Amino acid sequence: MESLDIHSLISDLAFILILGAVASVIFKMLKQPVVLGYIVAGFLASPHFSLLPSVAVEANIEFWAQIGIIVLLFSLGLEFSFKKLVDVGGSAILTALIIVLGMMSVGYVVGKFLGYGLVNSLFLGGMISMSSTTIIIKALTDLNMRQRRFVPMTFAVLIVEDLFAVVMMVILSSIAMNNSVQGGEMVSSILKLSFFLIMWFTVGIFVIPSVFKQFRRYINDEQMLIIAMGLCFAMVLFSIKSGFSAALGAFVMGSIIAGTIEAERIERLVSSVKDLFGAVFFISVGMMVNPTVMTQHWGVIVLLAVVVIVGMIIFGTFGMLATGQPLKLAMESGFSLTQIGEFSFIIATLGTSLGVLDQSIYPIIVAVSVITTFTTPFFIKQAEPCYNALVKILPKTWTRLLDGYSRNASEVQAVESSSPWKVIISRFLTRIVIYSVVLIALIVLCRTYLIPLMLKWFGTSDWARFATALISLILVAPLLISIMMPTVKRSEHDLLVKASGNVSLVPIVVMTIISIILATILTASLMQGVYPSEAAVPIAVAAVVVIVVSVALFPTPLRKRLTNIEHQFISNINERENRRTGREHNLVSDLHLAYMKVGNDCPFVGEKLRNLDLRTRYGVNVASIQRSGKQFAVPSGDMRIFPNDVLGVIANEEQIQRLLPLVEAQSTHADTTNQEIKFIHFAITEQSPIVGKKLENTHLREDYGALLVAVQRGEDDYLSPTRDLLFKTGDILWIVGNPKQLAALKGS
């Protein structure tokens with residue numbers, strides 16, 4: 001076994017991290033994304049830059065970079081969550097699909113035009129089809145545009161693009177291994193991927209949140225970090241064993257955890273690990289930059305940069321328009337997507353590791369990313385002027401047609417979302433798919449391990465086979481019952497009768513027949529592991545008949561059990577939202593216990609609970625306050641509310657929904673990437689510029705970017721920040737803001 005060179009491993013890591021630290025600080029001072037600093041640091045550490053020593057063993061950096069990809073994808077999964085995918089709906093999915101397919105096609109055509117082969121052209125299309133979430137967030141924050149109407153929809157598209165990127169990596173890997181596009185094999189890969197995704201999400205969402213809730217009191221931050229990373233790498237290993245990439249496994253586990261109440265805690269704990277290994281990954285990207293190659297291919301770089309910018313604007317705008325968005329919002333979204341970033345590098349790394357990517361493509365893509373990163377703010381600002389110019393030259397009939405299409409799409413979505421039959425059919429299909437996938441996985445396990453083991457122990461006599469078949473059927477029976485349970489609830493039946501006067505039995509009968517046929521096929525597949533095929537089918541039919549009779553005779557207890565299981569699953573998916581709104585914490589009648597985090601712009605900040613009188617004004621009771629890891633149960637009226645406190649509030653759903661936006665009020669204008677925001681306190685001297693002034697005349701927000709929480713005058717006297725509050729020498733300000741900007745308030 002080859003020994004590991006610890007000295008070179010440590011020295012290479014130290015060298016690139018020091019370079020990365022220096023470069024990132026310089027780029028942050030220049031108000032540029034630190035990712036570009038890491039890429040520059042990688043170039044400086046590479047053999048292509050002779051003024052500095054290069055790394056001793058490039059394989060060392062490749063090892064750390066692979067860890068970086070895993071942690072980056074895990075972190076992206078934590079921000080993704082299955083709940084978000086459901087919430088963004090079909091509009092974001094369709095828009096992202098139009099963008100990805102359009103850019104993939106353009107990239108493939110450009111690749112063939114440049115003389116690349118089939119696989120290289122497909123990889124090129126994949127690399128230019130993914131916008132950078134990190135760069136867009138940075139640009140919108142710098143431009144103070146995070147509050148604009150188009151931003152939520154744009155972020156929803158980026159969420160879906162992240163999922164598409166992971167799926168694309170699986171498909172590209174399959175194509176690269178065969179060096180050709182084989183339709184049947186690609187369909188097989190997609191079906192296999194869909195099967196495993198559904199199975200992983202279903203089992204993971206059902207099990208992991210339940211385990212977290214059960215053992216939460218015993219898990220501190222250190223143990224939670226170990227558990228989270230352990231789950232991440234376990235899923236990575238399982239993904240590789242199943243024939244998929246490590247990145248897919250990391251992303252899936254992050255997405256599963258994203259729906260739990262521990263997601264924000266894990267995201268905070270993993271943040272430092274992500275920053276460390278993410279930096280190493282982007283530095284490794286920079287090491288691939290070859291100035292000679294870039295000089296030779298400057299025309300290709302410019303061409304691809306133009307293709308990315310123009311293509312993203314066209315397909316992004318068209319995708320938004322196709323889903324019924326207004327022209328202005330569609331153009332603003334399209335103009336904000338004009339860059340490529342982290343996923344382009346990950347796809348390029350995948351192609352390089354598989355040995356199918358032309359060596360010149362990697363540095364070309366890095367150069368295109370750098371160019372489009374710098375141009376992103378410019379194009380975001382140009383969206384509105386371009387819209388105004390386009391409206392002037394468009395025929396009036398076109399603008400009326402687009403406005404009418406947008407209104408009609410909104411009306412259709414509203415009608416469809418309220419249709420009882422749509423809800424019923426959607427639930428039927430979802431249940432069929434989820435239960436079938438889990439059942440197929442269980443049948444495979446039974447036929448691979450359980451049945452051979454039992455036949456080995458008990459022999460192959462008729463009674464032994466019967467016992468084996470019976471035990472196997474008992475294991476899968478709950479899932480078979482779930483598939484065949486009636487789809488229409490009593491409340492939905494009454495609603496359908498009320499809406500149309502009668503209910504057509506045809507859809508119900510069709511859904512029932514489909515369920516029974518599917519259950520029979522799956523049962524026959526299980527029985528083929530015990531009996532010959534000619535005997536397995538009659539036995540499967542008999543078993544299904546017994547289950548159907550059981551469902552007919554005992555519908556209430558079976559439905560109740562199934563409802564509890566499904567309720568637990570839905571509760572786990574919505575766990576973070578339920579904890580925030582209190583829907584899963586019913587106390588008495590319609591009262592709930594909800595947990596909400598206090599934002600910097602909350603109007604209650606700095607006030608005593610007694611003075612707020614929340615019970616009278618909003619009908620709520622504050623049951624607890626969590627602050628800096630400590631919990632204050634039944635807080636006294638003298639306790640004050642500060643930013644980042646977590647309030648445990650008891651109220652009904654309407655009262656909670658009314659209070660949430662006030663408590664969680666958070667400024668969208670703060671530049672969190674370039675400013676260090678802290679909650680601090682200090683005494684002001686007579687030289688302070690605010691001494692002798694009233695609060696309304698100090699302009700703390702405008703001039704100092706500060707939020708005044710309270711003023712301490714004396715040991716225990718806290719004054720609320722009212723407009724006519726007069727500042728005096730010696731006052732202690734409890735204030736939120738950038739310490740550098742706040743220093744001017746102290747005086748000498």
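The values are calculated or read from the model by the stated rules, or taken from the named source; none is laboratory data. Predicted model, so just to flag it, every value in this text is computed and none were measured. Virtual Cβ from ideal backbone geometry, glycine too; neighbours counted across all protein chains shown.
Structural remarks
- Selection within region 100-120: residues that are over 17 Å from ILE313 (Cα atoms) and surrounded by 22 or more Cβ atoms within 10 Å (Cβ to Cβ). The member of this set that is nearest to the chain's Cα centre (by Cα) is VAL119.
- Residue match in region 35-48 (condition: at pLDDT below 75, of a type outside the set (Gly, Ala, Ser), outside the structural domain of MET127 (by TED's automatic domain parsing) and over 30 Å from the mean Cα position of the chain (by Cα)): no
- Of the residues making up region 313-340, those that are assigned to a loop (DSSP other than H, G, I, E, B), under 19 Å from MET127 (Cβ atoms) and of a type in the set (Val, Ile, Thr) are THR338, ILE340.
- Conditions (1) in contact with a helix residue (DSSP H, G or I) (Cβ under 6 Å, 6 or more places away or on another chain); (2) under 20 Å from PRO643 (Cα atoms); number of the one not met by ALA710: (1)
- Members of region 436-464 found to be farther than 17 Å from LEU475 by Cα and either surrounded by 17 or more Cβ atoms within 10 Å (Cβ to Cβ) or aromatic (Phe, Trp, Tyr) (or both), listed by number: TRP457, PHE458, TRP463
- With respect to the conditions (1) of a type in the set (Val, Ile, Thr); (2) crowded, with 19+ Cβ neighbours inside 10 Å; (3) at pLDDT below 75, THR563 lacks only one, and its number is (2).
- Criterion violated by SER284 - all others in (1) of a type outside the set (Asp, Glu); (2) in contact (Cβ under 8 Å) with a residue 40 or more places away in the chain; (3) assigned to a loop (DSSP other than H, G, I, E, B) satisfied: (3)
- Cβ-Cβ distances below 6 Å connect the following pairs, each with a first residue in region 204-219 that is closer than 15 Å to VAL252 by Cα, a second residue that is part of a helix (DSSP H, G or I) and not aliphatic (A, V, I, L, M), and a separation of six or more residues or different chains: ILE205/ASN572; PHE206/PHE569; PRO209/ASN572; PRO209/GLU575.
- Some residue of region 358-371 being free of Cβ contacts under 8 Å to residues at least 40 places away in the same chain and not charged (D, E, K, R): no
- Of all residues in region 259-284, those satisfying the criterion of being touching a Ser or Thr at 6+ places or on another chain (Cβ under 8 Å) and modelled with pLDDT under 80 are GLY259, ALA263.
Matching residues to (1) touching a residue at least 40 places away in the same chain (Cβ under 8 Å); (2) within 22 Å of the chain's Cα centre (by Cα); (3) crowded, with 19+ Cβ neighbours inside 10 Å:
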residue	(1), (2), (3)
MET229	yes, yes, no
PHE244	yes, yes, yes
THR260	yes, yes, yes
ILE266	yes, yes, yes
VAL280	yes, no, yes
ALA305	yes, no, yes
VAL308	yes, no, yes
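- Any hit, region 186-193, residues being surrounded by fewer than 16 Cβ atoms within 10 Å (Cβ to Cβ), modelled with pLDDT under 75, not acidic (Asp, Glu) and not in a helix (DSSP H, G or I): no
- Scanning region 597-638 for residues that are under 36 Å from the mean Cα position of the chain (by Cα) and β-branched (Val, Ile, Thr) gives VAL598, VAL605, VAL620, VAL622, ILE625, VAL634.
- Only one of MET224, MET294 that is more than 30 Å from ILE440 (Cβ to Cβ), of a type outside the set (S, T, N, Q) and touching a residue at least 60 places away in the same chain (Cβ under 8 Å): MET294
- Any hit, region 704-719, residues being of a type in the set (Ser, Thr, Tyr), under 25 Å from LYS28 (Cα atoms) and either modelled with pLDDT of 80 or more or outside any loop (DSSP other than H, G, I, E, B) (or both): yes
- Looking across region 351-363 at every residue that is among the aliphatic types (A, V, I, L, M) and crowded, with 23+ Cβ neighbours inside 10 Å, the one that is modelled with the highest pLDDT is identified as ILE361.
- Pairs are defined by a Cβ separation below 8 Å, a sequence spacing of at least 6 or placement on different chains, a first member in region 736-747 that is buried (at least 19 other Cβ atoms within 10 Å of the Cβ), and a second member that is of a type in the set (Lys, Arg) and modelled with pLDDT under 80; the pairs so defined are VAL736/LYS678; GLY737/LYS678.
- Where ILE516 falls short, out of the listed (1) modelled with pLDDT under 80; (2) closer than 26 Å to VAL544 by Cα: (1)
- Check on ILE432, surrounded by 14 or more Cβ atoms within 10 Å (Cβ to Cβ), modelled with pLDDT of 80 or more and either closer than 30 Å to LEU191 by Cα or outside the structural domain of GLY311 (by TED's automatic domain parsing) (or both): yes
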